[in-house]
Structures are given as C-alpha cells and as structure tokens.
1. Quick one: if you stick a label point 7 Å off each Cα along the C-beta vector at A:Lys307 and B:Thr173, how many nm between them?
2. How large is log10 I(q)/I(0) at q = 0.16, 0.22 Å⁻¹ when the Debye formula is applied to the Cα atoms of the stretch A:134-245, each weighted equally and without solvent?
3. Of B:Leu114, B:Gly19, A:Ser84, which is farthest towards the positive pole of the protein assembly as shown's charge dipole, taken about the Cα centre with +1 and -1 on the beta-carbons of Lys, Arg and Asp, Glu respectively?
4. I need the phi-derived Karplus couplings for the stretch B:188-194: 6.51 cos²θ - 1.76 cosθ + 1.60, θ = phi - 60°, integer Hz, Gly and Pro marked x.
5. Taking 0.36 nm per residue of separation and subtracting the Cα-Cα distance, what length does fully extending B:Val92 through B:Ala42 add?
6. Mind pulling the per residue volume of the convex hull built on the Cα atoms of the stretch C:127-226? Å³ is fine.
7. What residues qualify as long-range amide H neighbours of A:Thr53, i.e. H under 5 Å apart, gap of 5 or more or another chain, H built at 1.01 Å from N?
8. Please report the equivalent ellipsoid semi-axes of the protein assembly as shown, computed as sqrt(5 x eigenvalue) of the Cα gyration tensor, largest first, in whole Å.
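FYI, it's all coordinate maths here, none of it is from the lab. Because the structure is predicted, anything quoted here is derived from the model rather than measured. Here the Cβ is made from the backbone with ideal geometry for all residues, glycine too, and neighbour counts use every protein chain on show.
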Amino acid sequence: MGNARKVTRLHGVTAALLAAALALAVLVAGCGGSSDSAGASGGGKLDVVGYSTPESVYQESLEPAFEKTAAGEGISFSNSFGASGDQSRAVVAGQPASVVHFSQAGDMERLVEEGELVSKSWEKQPYGGIATDSVVVLVVRKGNPKGVHSFDDLQTKDVGIVTPNPFSSGSARWNIMAVYGTAINEGKSPAQALEAVKTVLEKTVAQPGSGRDALAAFTQGEGDVLLSYENEAIKAEKEGEDVEYVVPSSTILIETPIAVTESAPEPAAEDFLNYLWSDAGQEIWAENGYRPVNPKLVDPKQFPTPKELFKISQFGGWGKVNDEFFDDETGSVAKIETELGVSTSG
Amino acid sequence: MRTASSARSRWSLRTLGLGYLALLLLAPLLLIFYRTFEHGLAPPLEAITSPDGLHALKLSLLMVAIAVPLNTIFGVGCALLLVRHKWKGNAVIDAIINLPFAISPVVIGLSLFLLYGTKGWLGPTLSEVGIEILFSVPGMVLASIFVSLPFVVRETVPILQEIGTEQEQAASTLGANAWQTFWRVTLPAIRWGVAYGVVLSTARVLGEFGAVSIVSGSRSGETETLPLFVQKQFDNFNFAGAYGASVLLALLALTTLLAMNVLKRKEDA
Amino acid sequence: MSAHPASATSVPAAPRAGIRLPGLGAGLGRGTVVLYLSVIVLLPLAALTSQAFEDGFSAFWTQVTSPQAVRSLELTVGASLIVVAINAVFGTIIAWLLVRDEFPGKAAVNAVIDLPFALPTIVASLILIELYGAHSPVGIDIALTRAAVVVALLFVTLPFVVRAVQPLLIEMDREMEEAAASLGASGLTIFRRIIFPNLLPGLAAGVALAFARALGEYGSVLLFAGGLPDTQVSSVFIRSQIESGNNVGAAAVSVVLLSAALVMLAAITLVQRWGSRHERSSGGGLTLMPMSGADITAEKDDDENR
C-alpha cells in the first residue's frame, strides 16, 4: 500500500472542493438571488410589504398598471403580505421593504421607533399618509339568518363570532375599537364599553392570525358572523362565497397607513406612492372594494356612509389606544384575552 | 392456506388495506387533478406561467441544483468515512445525520432564523460584509441542505458495508491509486444507491415548505418557491393558481416515485 | 509498487483497507464532515437552544406552560399517538398485501405508497381540504377540526410503517409458519405467535419514526386544520409565536419538540441495535435509517468471521 501521500491528497482535495463549493454556492446564490435595489439605473425593484388583504389588488392591478406608466417603466416588484402586526415586526427583523402598507398606524410607528426605517413625518404625506379607507362591517351567511345588524346585536343575539387575534392582526384592533366606540357613542361609560368588548370576545369561536385568515375560516364554515373590513366582504361576495354583509349605522372608519422606507430606491418608491394617490390609482382601489381617500371619488352607492361614523382620533389615535388597550401585558384588552385564555402574543 | 375462511380473510384484508389507501391517498390526488382542469387547461396554465409562477418554479429548481450536489458530495465522502474508518465519534456523526429526519421543519426554520437574524450570532457579522442570509436565497439554500442531508449517506452506507473492501484492495494491488480506485471500483458499485439518494434528496428539497417559509419571508418574485406559491395563491382565493402549481408538484412527485422504483430495483439487484 | 515503510506499519493485517487513508487524509476528511455538519445542523440548533433559555429557566418554563402552548402540545402528542397506532395496523396490513398477496395493480400500489413522502406537504393540505373540506364533493367536511389534524398526519406518516415492515416480511422464513399451519394453528395464531414477533423491530422503528414525523408536521396540517386555538398543533403554534416576535416562546416550545425528536431517534437506534441481532435485511428503500450508528461503530463482527 504505497499510496499514503496520494491518498491523503484525495481526501484533501475532496475536502477543499467541498468547502469551496459550499462557499461559492452561498455567495453566488447571495449575489444572484438578491436583487440590486440600490442604485439600479433606469428601473428598480420595489419590495412591497403590506397587511393581508390588499395583496391581490397590488399584484393583479396596481403594480401592472403602474408599470405601464412613464414613471413605472422598468420597475419590478416583490410582494410580501400578511397580518399587519407580524409584517411590521418582520420588517424590523430585517425583511427588505421599500413600500410598507399596514392596517393601523401603530404598526407604522413601530418602524419609526424601533428601526428608524420610516421617517417620523410620514403623516405629513398626502391624505395624512393614508392609502385607503374602509369600515368595519358584519359579514354573515347569505340571508342573514341570525338577523345581525349592529354591534349591539352581537351582544344580545346567540351568535358565534369570528375575528382575528388583536395581537397579530391590525384588522382585529379596528374590530374591537368599533365595538368599543359604538358603545361609548351610545352614552355608555368606558367600563361598560369594555364589558361589551368582553362579551364579544367571549362569543368568539375563532381568532385566526390575520384578517384574510379570518375570512378564510368564516367561508369554510366557522361561526355565524365575521367582523372584517368592508373590502374583504366585497371580495368574498365577488368570489361567489355564500355570504353577505351589513354596514352597521355606527362603525369606525378604517384608515390604513402607507409610507416609503428610508432604504427605498428613489424616485421609484415615491412615484409609486403618488400613483396610488392619483385618481387612476384610487379608482383601482375603489374597483376592488376599498374606499378612496379622495372624497370626490367615493361613490355613495357602492360605499354608503354610516350615520354614526367615527374615527380612531376620537380616542386619541393609535399611539394612545395601543398603549391603553393592546399592550401585551397592561392593555385592557390583553387582560380580557388572558382571562379568556387566549394568547396575547399572537 | 386455501380454506374458505382464509379466502374471506384475504378479501377482508384487501378491502381494509386497499380501501384505506384509496380514501387517504388516491381520492384526494384524483380530485385535485380533476379540479385543476375542471375549467380547462387555460386557468392553471396561465397561473403557472405568470411571472411569479415561473419565478417560483425556477427558484425551486435552483434550490435543488445547489443543495443536492452538495449533499451528494458530502454524502459519499461521509459514507466512506463512516464505513471504512473506525472512530469513536462515528456514532455521534451518525446521530447528527439522522436529526433532519426527526426535527420539525418549523424548528429548522426557526433555528436558522435565530442564527442569522439581526440579533443572531452570525447575522450582524455577515450583514456587515454584505451577505444577507435571511429573506434571501442563501438562507433558503441552507434550509434545503439541512432537510435533505441524510439521504445520500443513508443509501450509500449499507452498500459500502456490503461490498466490502476486497475489490478495492485488488485494485490497489494491481497498482491503482486511491482516486482511480474510487472512480473505477467504488463509485460504480455504489452508483445506484447514490442515485437513489439523489432522487430522494431532490424530492425532499422540492417539497420543502415549513423551513423555507420561515427563512425566506415568502417574498413573491424573490424568495417564493413553488410550494410557497401554492400557499400564497390559496390564501388569495386564486384556486386555479394553487391547483395548477399543486398539480405540477404532484407530477414531479410521481416522476420521483417512478425514478425511486426503477432505482430501487437496480440497487437491490 | 514497493510497500512504503510507513504504511506497512500502519496497515493492519486484517482486511480493512481499500479507500482507506491513514493519518492526515482521514483527519482532513473527518474535519470537513464535522465542519459541514456543524455549520449546517449544529450551529443553528445551538442558537435555538440558547434563545430558548435566554431569559433564564423560569422564563423558559413560563413559555412552555402557557395555556396555548400546552393546548397545542396536548393536541400534537395526542393526535400523533392516535395516528401511529392506526398506521401501525394499516401499515402492517398493507405491507402484508404487498408481500404476500397478488392482485392487479400491485406494482402501482407499491409505488404510490411513497407519495406522501414525495409530495410537498402544502399540496397534501390542499388536496385533503378539497376532498374533506367545505367544498367536498362527498359531503365530508372536517376542515378546521381536530379530526383534520389526525387525517393529515395519517397521510404523511403512511409510508413509514409500510416500508419498515415490508423488508422484514420479505425476508421471513416461511418454514415455521408452514409447520404451525400443518399442526393446525389458525391464521391469527400464526400471525400472533410467529410472524408478529419477527416484525416487531421493523414495526417499532417505523412507529418511532412516524411518531417523530407526526410531532413536527407542519405543511399538511396548516391549511387543512388551520390555526384556530383548538386545532393548532405545536408547529403552527411555534410559527405564530415567531410572527408575533415572541422568539423565546417559539424557541422554548421548539426545544420541547426537539427533545422529543431526540428521544425518538435514540429509541430507533436501540431498536435497530436489538434488531441487528437478527438477520439484517438489505435495508434499501426509502425507509428510515437502514443502518444506524449501531452497525457502523459495532464493526460488524460478521465481516471478520467470514
């Protein structure tokens, strides 16, 4: 056996090859896979990160339409959508984002505070930095067999409610504030209003992670009534699901914030946002069931105005509301959820 | 055993066993094929050939192209090591190699997420030199390698044990060096086992969902593999897209099964 | 080639050469293997464990004993136990049919058994929800229920027992069975007394692997059973904790699952060590670890005795 040295070389060569291959593969994949979003001339890549429901609007309508405009030529998109709170945390954890669109302002503020990823003055954008509006509606089975017409009905009637978990989903927080706000505006005290929230949560049979997940659960047979965005209800009807929806006379105006991130490729990102606020963009939103922020474009037949529409500003804005109601440990809703045995960390 | 009762028991066994398979495996599979093409070829085809769909397919294939060769080289080398060299640590190596069989893909994804994240041990350092692991292809490659690690080793080891060293020794005495012996004697003997392992690894990488879902962020057009694409389409009520991609993956799976069967026969021969 | 003096002393007289590299070569190879395994497997798992205990043991414990974590663990373990029991029975029956029976299409059935292995789990979820969900053509709707968890797990763990038992059945010596039959034993007795004990090592290994797989299963359960509090298995729970930013909680429950997996692997190794006292089958096939560490380190005495 006189091959000791040659044979050593065999293993040495294999070892070196393997190490080199591994390193090379990772590097090549890293360079080839990730796109050059910074400094790409004559085009660019926008990473859109948003809350769960508008995914198809972006992917199927807004982005293709923008790409056809002069400003949008050569721009390509990557998309990531999910529960608003989760998406916000993912961006803080490093997920690439150029344009962020959340369902409540608190998820935007997290990016300002925790990563300086979005400018403090995002609210000074057109329309206060709000991309679209909606309202909280009650989605029911076709024919509304349980006769649910308002948030008060939720408390008095025998229904199983579906609403997302407020600690992962922005949609859920709107739902809860709609219940709370309706009670307050009827003249109830804050404590009584919280009781109303508690009653609703007690009757909740499912708390999925996001607004979209909640719709999926409802259409698959869970519960009798779903609390959701008007645009989700419209989408469900369009998809031919066996449901209908009720716009309560007292409900909250859902305002979903949007902004560009500090690392976004410019001017592409700004151009995209301006497109979303343009008449063309807002009409696309309207076609998909979202209320335009431009009041001139709101068709009252498609989007009836509830008699007692209120806003989150009535309660001090999301900053205050998130602290008071939805803080993981000290929030009043967190306490209710813990009492009911529901996870307050998602 | 040719009594009437044994014929009866034979038939009841058949009904039980085959009925179970029909309900659990066959029926769902057939239904998906039916639903996909219910409204014709166009809707699923359109979804698959959309930019995101094509990108997802390419990305899945890229994962295979990187992870499988690496694990094959590793697998053969490691098998040689384990079988031909006695070492106290071999049992530990063997145990580690078995881990991917038993760990949840979510746990795998989380581990990678924690290691390479912004607060992880390696994340910040790598970021500084411009290497992004998470939300990007490298992380997905690492996840793919992790889950498909054992297969080539597992298939090669028993063959190496069985064939013994006589032929290799003979080659050596005839003057072949180690490399020649490997190429001309060992490799041909283990090739069907290796091929089988490669097919298994490929299937595993193509089908990987949970771990990749966590490390990639499932960014469509960027880090969305075909299985992730299926989930995304389903979530958006795009059933044609979800079914279309599922059928494609199912066809790939059936091809894998075919390859597995052919190779298994050659391996056993 | 004349024998090199150094190698002459290092090569033992026993027939164990071949691609064998004394000294540096083997060391380098081993080093590479260890490095590869460390980077790919060990380092991430270490980071996981470290995160789980980052805030101390009591924090770990709080996370693991939170109501939802416990609920998901109960569901996961419970469902997994039911599933491996069912598949142990059906898997054996199917293996029996494949080995001892003849029927048209047997080859196709044999091939199709591995489908749950080759099919992406998310596709499994989709096909199950189509057939047994809200839009079911046969009117069976078990989506978003605990039953869905069981059915999904049955699907993905089906091949394990079949493939573990099949080789043993193939290899089995029929003489004893025939002797017993000629002595008047019934089919059931023969199975119970003769066949079953021989299958036990394979069955046990298959069950253990199926159990480990069921504990950690994610994709197939995700769409079909959903993530509602009552139907949330541990892997889905872990995922939701990650999304909520509760890394410690996610890592803590992951460590629990990981420990269970390690226990299962140890059990399989023991079973195979026990089983290797008997005649070893060729071990090919998708199975589970055809040869575990037991055989590799035990330096098969058979070889030397030949």
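1. Calculated label separation equals 10.4 nm.
2. -0.64, -1.22
3. Toward the positive end, the furthest listed residue is B:Gly19.
4. Along the stretch B:188-194, the couplings run x, 6, 9, 4, 5, x, 4 Hz.
5. 12.7 nm
6. 127
7. Here A:Arg212 satisfy the definition.
8. On the way: eigenvalues 557, 218, 113 Å².
Computed over the protein assembly as shown, the values are 53, 33, 24 Å.
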